[in-house]
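Reviewing the structure listed below.
The values are calculated or read from the model by the stated rules, or taken from the named source; none is laboratory data. Please read all numbers here as calculations on a predicted model, not as lab measurements. No Cβ is skipped: glycine too gets one built from the backbone with ideal geometry, and neighbour counts run over all protein chains shown. Accessible surface is based on the protein model in full, side chains and every heavy atom, while ligands, DNA and RNA are left aside. Shrake-Rupley method; radii C 1.70, N 1.55, O 1.52, S 1.80 Å.
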Amino acid sequence: MIKKKISFKLNEQEVEVEVETRELLAHVIREQLGKTGTHIGCDTSHCGVCTVDLNGNSVKSCTILAVQADGGEVMTVEGLATNGELHPLQQAFIQDHGLQCGFCTPGMLIRSYRLLQENPSPTEEEIRVGLSGNLCRCTGYQNIVKAVKTAAEKM
Amino acid sequence: MPTLAGDVQAVLADEKVHFQYQEVAAVIADNRYIAADALDLVEVEYEPLPVIVDPHRSMDADAPILREDVVKKDKVGQGPRKHANHIFTWAVGDKEGTDRALASADVVVKEDMLYPRVHPSPLETCGCVASFDKIKGNLTVYITSQAPHIVRTVVSILSGVPESKIRIISPDIGGGFGNKVGVYPSYVTAIVASIVLGRPIKWIEDRMEHLSTTAWARDYHMTGELAADKDGKIKALKVKVLADHGAFNSHAQPTKWPAGLFSVCTGSYQVPVAHVNVDGVYTNKAPGGVAYRCSFRVAEAVYLIERMMDILSQKLGIDKAEIRSRNFIQAEQFPYKTSLGWELDSGDYPTALKKVLDAVDYAGLRKEQAEKRAQGELMGIGLVTFTEIVGAEPSKACDVLGVGMFESAEIRVHPTGSVMARMGTISTGQAHETTYAQIIATELGLPSEEITIEEGDTDTAPYGLGTYGSRSTPVGGAATAVAARKVRAKAKKIAAHLLEVSEDDLDWEIDRFKVKGVPGQEKTMKEIAWAAYNNVPEGMEMGLEAVDYYDPPNFTYPYGVYLSVVDIDKFTGEVKVRRFYALDDCGTRINPMIIEGQIHGGLTEGFAVAMGQEMPFDEEGNLLGNTFMDYFIPSFVETPQWETDFTVTPSPHHPLGAKGVAESPHVGSIPCFTSAVVDAFAHLGVTHMDLPHTAQKVWKKIHELGLDKRD
């Protein structure tokens with residue numbers, strides 16, 4: 001199988017890794033780079049638990065190849081906290097009970113992060129549409145919407 | 001391998017494959033990509049055999065025999081069997097009395113309804129890492145399990161490895177909803193592979209495998225007959241069910257209950273006489289029949305009775321709120337023994353109903369509906385007043401593989417007053433860490449931030465039956481409270497010793513024992529904890545800890561009143577949920593934020609089942625839709641806004657009065673949505689529409705009624 005050495009920034013750290021060209025970004029992030037916050041839930045890019053930030057866009061890392069990240073900048077949920085301090089979104093998810101089992105949470109957080117970069121004070125409707133590519137089976141979404149609003153106010 | 005229901009199930013198919021996607025071979029490789037390549041090298045030649053997809057055909061005289069391996073057995077779990085494809089008949093109640101009441105009643109309504117096959121589909125699929133240490137003979141399994149202790153027992157029975165050498169660790173898991181209770185063939189494969197190879201073996205499902213092979217729910221083909229007098233007072237209920245169990249009887253129910261707790265189907269109402277008959281059959285579909293966010297078969301029971309109440313209301317022209325009122329079990333009748341043998345613990349249904357009707361202005365909604373109908377628009381109002389049975393519980397009634405369904409808690413108070421507590425349950429997102437810590441903090445007066453809750457590791461936690469059927473608060477929470485009270489009882493003795501008074505002279509106040517009438521004479525729980533390790537009364541052992549295995553006297557019976565309002569587009573069939581008002585009474589409310597969160601989640605899962613989830617098969621048994629492209633999981637956009645409310649009627653037998661809540665919103669909301677959708681067509685004589693209420697199916701009804709003609 002063809003292998004290729006790629007390098008990219010992962011949570012602001014330069015990483016270099018040898019991958020098969022067919023390997024998915026989600027698998028490389030989890031299994032080679034050990035960042036297991038990014039989850040895999042559906043394989044058809046519907047559930048969004050694998051969402052990461054790539055070059056300023058939210059992408060579903062189970063649906064792109066690792067080689068496509070070569071030379072790029074990737075942020076996963078592990079990159080949200082700074083200096084041991086949780087990101088306002090993370091704090092808001094805790095405060096507003098925006099997670100239950102937590103499996104969708106990394107994707108929700110990283111997608112919400114990008115949403116708030118694009119639209120710092122979204123309406124409820126804009127939050128719901130903006131996060132509609134991320135599924136949750138536990139919360140019924142209501143408290144996630146609330147948490148994103150809370151975070152938006154604090155950021 | 002043996003199933004929890006007393007049947008046997010193939011780990012890997014031998015000679016005959018019983019359903020599409022059944023496991024036939026396993027490939028072990030260094031990584032998933034190599035495994036996928038190797039899988040391509042496995043060639044299986046399938047020879048087509050006649051199949052049974054429709055359970056109504058399973059017991060035909062000329063039906064093909066699906067399970068030659070059990071054809072001579074007179075029972076597979078429950079018997080006797082009357083056909084090679086028959087699994088069990090389970091009947092309860094007074095058949096003759098029910099038939100007599102049906103024959104002499106003023107009115108009898110009858111309806112066939114299908115609760116379709118649906119899949120719990122947590123966002124994390126199933127998986128495990130099995131690691132067998134050949135030198136020590138120890139087996140460690142990391143597994144996504146809602147019942148790790150039962151898994152340990154099953155694995156020990158299957159493998160011959162002593163239970164003491166098996167460690168099952170169920171870490172944080174990504175939702176369960178009933179899907180992660182059982183033991184699946186691939187767990188066994190991974191364990192066997194690890195024993196043979198002496199290396200850790202990881203197995204993680206993809207979504208297609210998850211939807212196609214792991215435990216689904218429902219698939220109950222039900223016929224209800226409800227008899228009443230002309231004023232709508234119920235006289236009798238008769239129910240017949242045909243249950244499709246798939247190719248192996250591996251549903252997860254307490255051993256003695258092949259139809260789970262389905263006989264709670266008399267609901268919140270006074271039903272003088274009733275009879276239920278359930279037949280389980282084999283078909284060529286994946287095995288299952290678990291409780292998807294409900295207690296065993298309770299979603300089916302609640303759906304049946306709530307639908308029948310609506311149908312009776314339509315038949316008699318009595319409003320659906322009024323007919324429920326006329327039949328409610330009254331507050332003073334509790335504890336209430338139902339005609340099918342359950343003892344409902346507590347309730348005040350009329351108060352809950354009135355609160356909801358007032359909150360939504362029910363009369364106003366009915367007026368608006370009348371106006372809309374006059375204009376040819378479709379608006380529906382759904383109502384349910386349901387009672388659940390949860391907390392699968394009393395060991396005299398319930399066991400799994402002979403192990404009684406108690407629950408456990410172990411509490412250790414350290415010298416500095418911090419606490420380590422372990423339970424036999426396992427959170428799949430219900431925040432046990434918060435709720436249990438809150439119970440202990442309240443009972444012992446120690447700060448919750450210094451209380452650590454641990455679950456899911458069979459090496460450290462006391463044996464428990466796990467988390468499903470809303471057991472955690474009703475049984476695990478009770479064990480936690482009782483264990484904490486045992487600790488406090490010992491603490492009281494130590495306090496009396498330290499203060500040199502008798503125990504009777506002490507009062508408990510928040511976090512300390514005080515000598516009655518002597519201000520300042522007191523010992524805090526932290527001081528007592530320290531003393532427990534250096535200064536205890538003569539004859540008392542040191543330390544401050546307790547274990548409780550709680551075997552409750554009864555189930556708990558949470559209930560709710562839900563009301564929904566829908567508007568239906570008569571050209572597309574799209575159902576828009578305008579309003580959903582959910583009042584729940586789960587007894588004492590331990591943590592309101594967590595309760596609310598559970599209700600939001602349960603309602604959303606109910607919405608999913610009601611509006612789109614189903615697992616359709618073609619006539620050859622191919623599953624038509626086993627990815628999230630086809631299987632409906634509502635997103636932020638479809639999911640309605642939920643309004644919640646509550647009343648508090650504590651359970652008289654639970655140490656804290658709590659009843660459990662996570663399942664009520666799922667169980668209750670589904671018939672509420674059906675009630676609303678059917679209500680939109682009720683003035684046209686429609687009495688029932690089967691789940692799910694997809695736009696396509698609703699449009700078909702609209703078209704059949706000729707409502708979609710444009711002027």
| task | Pull up all non-local amide H partners of B:Phe386: gap of 5 or more, or a different chain, and H-to-H distance under 5 Å with H placed in the peptide plane. | result | B:Gly560, B:Tyr562
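Among A:41-53, B:82-94, B:309-321, how do they line up from the highest to the lowest mean number of other beta-carbon atoms within 10 Å? Please report the intermediate quantities before stating the final value.
Working: A:41-53: 24.7, B:82-94: 18.3, B:309-321: 20.2.
Output ranking for A:41-53, B:82-94, B:309-321: A:41-53, B:309-321, B:82-94.
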| field | Average beta-carbon neighbours from other chains, 10 Å sphere, peptide A:121-133 | value | 2
| field | At R0 = 45 Å, FRET efficiency that the Cβ-Cβ distance of B:Lys165 and B:Lys82 yields, to 0.05 | value | 0.55
| query | Buried accessible area for the B:A pair, summed, 1.4 Å probe, in Å² rounded to 100? | reply | 3200 Å²
| task | Net charge near B:His275: determine it from the other residues with C-beta under 10 Å of the C-beta of B:His275, scoring Lys and Arg +1 and Asp and Glu -1. | result | -1
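Give me the Å³ per residue figure for the convex hull around the C-alpha atoms of segment B:8-127. Write down the numbers at each step before the final one.
Working: hull volume 23.6 nm³, N = 120.
Convex hull volume per residue, Cα atoms: 197 Å³.
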| request: Convert each backbone phi in segment B:649-658 into a coupling constant with the Karplus relation 6.51 cos²θ - 1.76 cosθ + 1.60 (shift: θ = phi - 60°), then list the ³J(HN,Hα) values in order as whole Hz, x for Gly and Pro. | output: 10, x, 6, x, 9, 7, x, 10, x, 8
| Percent accessible area from carbon and sulfur atoms, the protein assembly as shown, protein chains only, probe 1.4 Å | 51 percent
| field | Probe 1.4 Å, all protein chains present, accessible-area order of B:Trp342, B:Trp530, largest first | value | B:Trp530, B:Trp342
| said: I'd like the Kirkwood hydrodynamic radius of segment B:433-590, using the inverse of the mean 1/r over distinct C-alpha pairs, in Å. | reply: 19.1 Å
| How high is the relative contact order of chain B, given as a whole-number percent (alpha carbon pairs under 8 Å, six or more residues apart)? | 15 percent
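Give me the percent relative contact order of chain A, please, defined on Cα pairs under 8 angstrom at least 6 residues apart.
The normalised contact order for chain A reaches 24 percent.
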| Counting only other chains, what is the mean number of Cβ atoms within 10 angstrom of the Cβ of each residue in peptide B:598-605? | 5
| Exposure of B:Ser339 as accessible area (Å², to 10), given a probe of 1.4 Å and all protein chains | 40 Å²
| remark: For B:Ala252, other-chain or 5+-apart residues with amide H closer than 5 Å (H placed, Pro excluded) are B:Val290, B:Ala291
| request: Note down the accessible area of B:Arg373, probe 1.4 Å, to the nearest 10 Å². | output: 70 Å²
| query | Amide H to amide H under 5 Å from A:Asn11: which residues, 5+ apart in sequence or cross-chain, H placed 1.01 Å off N in plane? | reply | A:Val74, A:Met75, A:Thr76
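For segment B:93-150, which trypsin sites (Lys or Arg not before Pro) are both in a DSSP coil and crowded by at most 14 other Cβ atoms within 10 Å? If you can, show how the numbers build up before the last one.
Numbers: sites: B:Lys95, B:Arg100, B:Lys110, B:Arg117, B:Lys134, B:Lys136; in loops: B:Lys134, B:Lys136.
Those that pass, being in a loop and sparsely packed, are B:Lys134, B:Lys136.
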| query | If you place +1 on the Cβ of every Lys and Arg, -1 on the Cβ of every Asp and Glu, and leave all else neutral, what size is the dipole of segment B:474-578 about its Cα centre, to the nearest 20 Debye? | reply | 280 debye
| task | Return P(r) of segment A:88-154 (all Cα-Cα pairs; 5 Å bins starting at 0; whole %; ordered from short to long distances). | result | 4, 20, 36, 29, 10, 1
| task | Find out how many positive minus negative residues lie around B:Pro120, taking Lys and Arg as positive, Asp and Glu as negative, among other residues whose Cβ is under 15 Å from that of B:Pro120. | result | -1
| message | I need the phi-derived Karplus couplings for segment A:129-138: 6.51 cos²θ - 1.76 cosθ + 1.60, θ = phi - 60°, integer Hz, Gly and Pro marked x. | response | 5, x, 9, 5, x, 10, 9, 9, 9, 9
| task | Restrict the search to segment A:1-103; then list the GluC sites (Glu not before Pro) that DSSP places in a loop and that have at most 11 other Cβ atoms within 10 Å of their Cβ. | result | A:Glu12
| query | Taking the Cα centre of segment A:88-154 as the origin and placing charges on Cβ (Lys, Arg +1; Asp, Glu -1), which of A:Leu115, A:Ala147, A:Cys104 is farthest toward the positive end of the dipole? | reply | A:Cys104
| Per residue of A:42-52, how many C-beta atoms from partner chains lie within 10 Å of its own C-beta, taken as a mean? | 4
| field | segment B:581-711, dipole about Cα centre (Lys/Arg Cβ +1, Asp/Glu Cβ -1), debye to the nearest 20 | value | 280 debye
| request: Could you tell me the accessible area of B:Met611 in Å² (1.4 Å probe, neighbours in place), rounded to the nearest ten? | output: 20 Å²
| Which whole-Hz ³J(HN,Hα) couplings does segment B:405-421 yield from phi under the Karplus relation 6.51 cos²θ - 1.76 cosθ + 1.60, θ = phi - 60°, glycine and proline marked x? | 8, 6, 9, 10, 8, 10, 10, 10, 9, 7, x, 8, x, 7, 10, 10, 10
| Surface per residue (accessible, 1.4 Å probe) for the protein assembly as shown, Å² | 38 Å²
| request: Kindly rank B:234-242, B:669-677 from highest to lowest mean number of other beta carbons found within 10 Å of each residue. | output: B:669-677, B:234-242
| Across segment B:407-550, how many lysine pairs, 8 or more apart or on two chains, come within less than 14 Å at their alpha-carbon atoms? | 10
| note | The whole-number value in µm²/s of the Stokes-Einstein translational diffusion coefficient for segment B:127-213, with Rh from the Kirkwood sum over alpha carbon pairs at 20 °C and 1.002 mPa s, is 165 µm²/s
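Please compute the volume of the convex hull spanned by the alpha-carbon atoms of the protein assembly as shown and report it per residue in Å³.
202 Å³
Counting only helical runs of four or more DSSP H residues, what would the 222 nm mean residue ellipticity of chain A come to if each run contributes -39,500 (n - 2.57) and the total is spread over all its residues?
For chain A, the value works out to -8000 deg cm²/dmol.
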| note | Once the dipole of segment A:3-79 is set up from charges on Cβ (+1 Lys and Arg, -1 Asp and Glu), the residue from the list A:Ile40, A:Leu10, A:Leu54 lying farthest towards its positive end is A:Ile40
| said: What is the sum of charges, Lys and Arg at +1 and Asp and Glu at -1, for the other residues whose Cβ falls under 11 Å from the Cβ of B:Asp106? | reply: +2
| Roughly how many debye, to the nearest 20, is the charge dipole of the protein assembly as shown about its Cα centre, given +1 on each Lys and Arg Cβ, -1 on each Asp and Glu Cβ, and no other charges? | 1060 debye
| remark: When the charge dipole of segment B:280-326 is computed with +1 at the Cβ of Lys and Arg and -1 at the Cβ of Asp and Glu, the Cα pointing farthest to the positive end, of B:Val302, B:Tyr282, B:Ile323, is that of B:Tyr282
| message | Ignoring everything except DSSP H segments at least 4 long, calculate the 222 nm mean residue ellipticity for chain B; use -39,500 (n - 2.57) per segment, divide by total residues, nearest 500. | response | -8500 deg cm²/dmol
| request: Could you work out the relative contact order of segment B:407-550, using alpha carbon pairs under 8 angstrom and six or more residues apart, expressed as a whole percent? | output: 33 percent
| query | Cα-based Rg (one decimal) and Dmax (whole number) for chain B, in Å? | reply | 27.0, 94
